[in-house]
Amino acid sequence: MDNREDFLAWVNSTLYQAEVALHNGNAAPRRAIWSRNEPVSLLGAWRDAFGQRQLEEVFTYLEHSFSDCTSYAVELQAYDVADGMAYTSALEHTSASVDGQPRTYTLRATQVYRREDGAWKVSHRHADTLGA
């Protein structure tokens, strides 16, 4: 497998499973795929974070906010891999409960990844609601 195929397989398995787990109230898989090296940043649909401490606060907040994911689908718009870095641009279609209320929404999400110790890690995410 080449770098692009390897990365895409990771996106469609590890990253996807981490996002489903988060939307079911379990942020541990998402924490595991995020870089522990600075800089890290999150410009989220609900909250922003800069650095490890703030990132952990957001993950804890999301973990307590989300539950009962009934659907999560990623519509990949673009991606590429070069020199140990990668990016994705996608539409994320989600049906889950947020603070106990069922919601269905679509986010536009762009993420940046870097290869660390042979594994892909997220270093930046920007997401907003479609049409925002």
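Observations on the model:
- Equivalent ellipsoid, the chain (semi-axes from 5 times Cα gyration tensor eigenvalues, Å): 23, 17, 13
- For the range 64-132, diffusion coefficient by Stokes-Einstein and Kirkwood Rh (Cα), 20 °C, 1.002 mPa s, µm²/s: 160 µm²/s
- Per residue, the accessible area of the chain comes to 52 Å², computed with a 1.4 Å probe over protein heavy atoms only.
- Label point 7 Å beyond Cα of A78 along Cβ direction - residues of the range 102-132 with amide nitrogen under 17 Å: 108-113, 125-128
- Kirkwood-type radius of the range 15-90, with distances r between different C-alpha atoms, in Å: 13.5 Å
- Shape descriptor for the range 14-53: Rg over Rh equals 0.97 (Cα atoms; Rh from the Kirkwood inverse mean 1/r).
- Under a model in which nothing but the beta-carbon of Lys, Arg (+1) and Asp, Glu (-1) is charged, the chain shows a dipole of about 180 debye around its Cα centre.
- Look at the dipole of the range 1-42 built from charges on Cβ: of P39, T14, G25, the Cα furthest out on the positive end belongs to G25.
- Apportionment of accessible area to carbon and sulfur, the chain, percent (1.4 Å): 49 percent
- A simple spin-label model places the labels of R114 and S67 3.7 nm from each other, with each point 7 Å out along Cα-to-Cβ.
The values are calculated or read from the model by the stated rules, or taken from the named source; none is laboratory data. Worth saying up front: this structure is predicted, and the values here are computed from it rather than measured. Because the Cβ atoms are built from the backbone with ideal geometry, glycine has one as well, and the counts that use them run over all protein chains shown. Please note that ligands, DNA and RNA were not included when accessible areas were found on the heavy atoms of the full protein model with its side chains. Shrake-Rupley method; radii C 1.70, N 1.55, O 1.52, S 1.80 Å.
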